[in-house]
1. Relative to the present Cα-Cα distance, how much length would full extension add between Lys515 and Leu563 at 0.36 nm per residue of separation?
2. Run the numbers on the chain and let me know its relative contact order in percent, using alpha-carbon pairs under 8 Å that are six or more apart.
3. Compare the Cα positions of Ala247, Asn325, Ile265 along the charge dipole of the chain (+1 at Cβ of Lys, Arg; -1 at Cβ of Asp, Glu; about the Cα centre) and return the one farthest towards the positive end.
4. How far apart, in nm, are the 7 Å Cα→Cβ label points at Asp502 and Glu167?
5. Tell me the net charge near Leu369. Cut-off is 13 Å between Cβ atoms, Leu369 excluded, with +1 for each Lys or Arg and -1 for each Asp or Glu.
6. Where Rh is the Kirkwood radius over the Cα pairs of the range 608-708, the temperature 37 °C and the viscosity 0.692 mPa s, what D in µm²/s does Stokes-Einstein return?
7. For the range 281-325 and the range 586-605, what is the separation of their Cα centres, given in Å?
8. Measure nothing fancy, just the Cα-based angle from helix 2-20's long axis to the longest principal axis of the chain, in degrees from 0 to 90, nearest 10.
Amino acid sequence: MSKIIRSSQFIMMALLVMVLVGCDEQTMSDRVLAQNSMFCVTGDSVVQGTLMAWAPSPLQLSNNLNLNNAEAMLQRMAGTDTVPYCLANGQAAQMVRNSRYPTYQSSQTLIDALYNLAVSDIENNHSRSGGFNSYQDQASLNAAIYLSLAMIDADQAKATLAAQVEEGLVMQQQGTWPVCDDRMSWPIAAWEVYCATGDKQWLAQAYDITLNTIDEQLQVQGDASLGLMHGGQLTRYNAGDFYPDWADAIAVTEVLTMINNVLAIRAMEVAGLMADELGLEAPYQGEARHLRDAVNQRLWDEGRGRYCAYVMGYGKPIQSPLTDNMAQALAVLWSLADDDRSSTLVENTPVGHQGILPTYPAQCVEPYLEYPSWTLTQACWNMAAAAVGNEHALRRGMAALYRAQALYGPQHITIGHRMVNTLASGAANIAMVMRLMMGIRLMPDGIEFDPCVPVCLTGNKTLLNVAYRSATLDITLVGTGNDIESIALDGQALEGNFVPADIEGHHNLLIKLKKGRKASQHVTLASKALLPATPDVHWTTDSAVISPWRAHLAHKLIINGALSYSLDDSVFGLPPLPPLAQLWVVTANRYGYSVPSRPLLVAGTAAKTVTLADSTLQADTLATHVRVDHAGTYLLGADYRIDRGCDIVIVEANGHAQGVLYLPATAAIAPRRTNLATVRLLRGDNVITLRRYRIGYRAALRQLVLWHTADSF
């Protein structure tokens, strides 16, 4: 009998898809969450060709996906007969029937079951320190706390954050700091824990840690000339398709990455919120404002109507052709992008049928499998779409998230032997209920509600046993829309959408929704865009050779991030140059420009070199005299050797801090050159002081090298 029932379910779902998939890509039927030429997602099922997933009950999730048809599906997506990945089943999901976390019930059994799967994965996640155990990077772990873990388990979230602190500083857990930096996500998660608990002792500790860490960030990674923060993002650094192939540790440290700067801005704003709660003067207001302006000035791509993932280079840096969609979503959620810019980027950023791509354009076949933090990116993108009122983008995003989790979640299928980030997936799923549909926003003095429920998700929704400080809330949501028609606490109407933090005991909250603010519903569908390969350029003092030469592509020479020349041959001579010039070559196809080539720095006059007497900085401080013929701005670097770790040297000129030299370990046997710091020198004699920062290994410095910019940049 069960086989007959299951077959009838298949037939009904298949008929529904046949009726609905014919809809135009820019329209949506109110009977489904989303549908396209590949699959259909409703509140009860997912149908993708012969693949199906459904929820017989809120505590049972079924599908017919196995490793063989999963591989076949990836082959169809990739358009090839072979996919160079190894798929494997993880530990099968086991749902918890009596959870200590909030219970969700709705008319959509698939969403209910996925919520319960998320709760089970999180409830079974523990580390020896008492926190959450994650196999992913620090930023993803803290993002999960920000999204929902602080709301459902503040104590475990607090222990997770405490384990990242040593001697009053947030420590980089993976990778080499400051080459990569995930630390600015910590204050944001810590603030969410405080809003959930109201714990003043935690707040005081978190505030001191936040100040120490931001101070270090500003001193070591701030760039005064460009107004941005240096350093790479760890997950992107390891992915291999984000930063250029030629970029070594020094180059990545010099990069100005969008996500790092967005996190730094929010961390500074959070420090101000913490200070207000403690009755202190808010710090970093000027720094946050200047950093915000620099991001919107240097990282916004006006032509594409969205932010670029990073910029690189001196003077006027060159923009990356890539987009980091986690950074974009957070820019919307934290109001870094103004209202018009937020709506524009949600409209203009290409989205695939499988969901938002972590990086666009990207090489990945199935982002859910290939990017362990994809679910976090998709959840934040969905919240950003809701924030700007783009229900079309929201429904596509929710459907993509639920499709991936319904197909891959029950067996915890992995790709390339990567550990499944069930914690991130669970946190993202719970955020769709608590933060998006229920609209819960934790504030220091209470809970603000801003629900958003797509029109297709009809029926009442209840979230029971929500523990909040000294109270327990049972929340019932009636209707669909993004505006509150009425809200009542224990039968008494509330004038606003706010429940104060001093509430105690058990309470019932009833929220009725209506269709609210209108906004653009446009969505840009992603094509299979592939950027052209990064050109390999062999530079000489007066010419260059591009090898291999791709005659079907356009080639451009870019000078100081602005001037450009078209190239029609693989061998070309350098045109007349400014006194100091940084040169790049890019190729172009119909999708845009490539990631830039390895650059060349060309100076009209010979560099000035200064041999260092105490090359190992035994006293941690070294002062040397430098005489120059012209006052002005100079680029200063150093030749060095180091076997491991990363040495950090603060550069001062005539008693004033000027910049930072990063000396990461490299595989090269010959001495390497550091990044270039911008320094202001006087005509005649100058004193340049090198101070080793307190963290790092000792590098052997051989000489300083200086180039006069002569206003070239």
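Derivation of every value follows stated rules applied to the coordinates shown; laboratory data play no part. Owing to the predicted nature of the structure, the values given are computational and were not obtained by experimental measurement. Glycine gets a Cβ as well: all are built from the backbone with ideal geometry, and neighbour counts include every protein chain shown.
1. 12.3 nm
2. For the chain, the relative contact order is 12 percent.
3. Ala247
4. According to this spin-label approximation, the distance is 4.4 nm.
5. Every neighbour counted, the sum reads -1.
6. 244
7. Here the two parts' Cα centres lie 20 Å apart.
8. So the helix axis and the longest Cα principal axis differ by about 60 degrees.
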